[in-house]
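Worksheet: the structure to be examined is printed underneath.
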Amino acid sequence: VSSNDTLENNTGTSSSSEGILLVSTANSTLRTNNGTSDSGIGIRLSGAANNTLIGNNGTSNGDAGLSVQGGSDNSTLIDNSGVSTLNTGLAVDSSTNVTLINNTGSSSINSGIELGTVTYSSVTNNTATSDSGNGLRISGNSQYNLFMTNIGSSNSVKGIELANSHNNTFINNTG
């Protein structure tokens, strides 16, 4: 396990999998990194708890732009973007107590921003627009989350989709 690392102004471009990958990393900061034109995910955290991502971009990737998954608990994502991906712009999966503020997921084939099996998290002031699927999608038994002032507009399917999820609170969102 690595910890207390700072990754700043790095670029992962045209790789056969992830542009930037952190596994089992804790208490680290990723700031203004780019994962671009990768076959997989632009920037991916897996089993990486207590991390902060600020101002990172995942663009034109074969999978998600940015993905936080598999026990990446207590992580904070601020001002990140996932744009023009072949899957989801910004994905959070199987994690608890994640905070998303001012992120953008747009022009992706599936959802702009997707949360699956996420609990006790806060999603505030995020934008998911111009996606071929849903803007903001919440699924996989996600529960006890707070969604405030998010925008899911100009998407081909739904602005905001809530599927198989319970006990979530939505305040002042636009779909």
(request) Starting from the amide H of E114, placed 1.01 Å from N in the peptide plane, find each other amide H under 5 Å away whose residue is 5 or more places distant or on another chain. (result) L90, A91, V92, R137
(request) Take the Cα of S39, step 7 Å along the line toward its Cβ, and report every residue of the stretch 76-97 whose backbone nitrogen sits under 19 Å from that point. (result) 85-88
(request) Give the label of the value calculated from the structure for volume of the Cα convex hull per residue in Å³, choosing from (i) 76; (ii) 268; (iii) 177. (result) (i)
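Express the relative contact order of the chain as a whole percentage, based on alpha carbon pairs under 8 Å and six or more residues apart in sequence. Mind showing how you got there, number by number?
Working: 696 pairs, mean separation 22.3, N = 175.
So the answer I get is 13 percent.
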(message) I'd like the Karplus ³J(HN,Hα) series for the stretch 95-105: coefficients 6.51, -1.76, 1.60, θ = phi - 60°, whole numbers in Hz, and an x wherever there's a Gly or Pro.
(response) 9, 10, 6, 9, 10, 10, 9, 6, 9, 10, x
(request) Starting from the Cα-Cα distance between L146 and T169, subtract it from 0.36 nm times their residue separation and give me the gain in nm to one decimal. (result) 7.8 nm
(message) Between E18, E161, E114, where does the largest GNM mean-square fluctuation fall for the chain, given springs only between Cα atoms within less than 10 Å?
(response) E161
(request) Would you please give the residues with an amide H less than 5 Å from that of A128, counting only those at least 5 places away or on a separate chain, with H modeled from the backbone geometry? (result) G105, I151, G152, S153
(request) Please work out the C-alpha center-to-center distance from the stretch 117-160 to the stretch 1-50 and express it in whole Å. (result) 23
(request) Once you have the Cα-Cα distance between S156 and N50, take 0.36 nm times their residue separation minus that, and quote the gain in nm to one decimal. (result) 34.7 nm
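Taken together, the values in this text are just the output of simple stated rules run on the coordinates, not laboratory data. Owing to the predicted nature of the structure, the values given are computational and were not obtained by experimental measurement. Methodologically, a virtual Cβ is constructed for each residue, glycine included, from the backbone with ideal geometry; neighbour enumeration extends over all protein chains shown.
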